[in-house]
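Data block below; observations after.
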Amino acid sequence: MEFKRKFGRKKESKPKKGLFLVLLLAIILFLWFNAESLLNSLFN
């Protein structure tokens with residue numbers, strides 16, 4: 001019963017979680033690639 005419940009929950013929340021992770025990854029990549037220019041503008 002517990003395993004079934006856990007599996008069901010995972011299946012339901014997977015699309016939302018996946019979308020959130022992709023968004024988070026995009027933000028991290030955006031910051032990573034813009035970090036150099038951001039640091040330059042801060043320190044110059």
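Starting from the Cα of residue 34, step 7 Å along the direction of its Cβ; do the same at residue 17; then give the gap between the two resulting points in nm.
Going from the residue 34 label point to the residue 17 one covers 2.9 nm.
What order, most packed first, do the peptides 22-29, 37-44 have when packing is the mean number of other Cβ atoms within 10 Å of each residue?
Ranking, from highest mean packing down: 22-29, 37-44.
Since every read-out is calculated from the coordinates, none of them should be taken as a lab result. These figures come from a predicted structure and were not determined experimentally. When we count neighbours, we look across all protein chains shown, and the Cβ atoms used for this are built from the backbone with ideal geometry, even at glycine.
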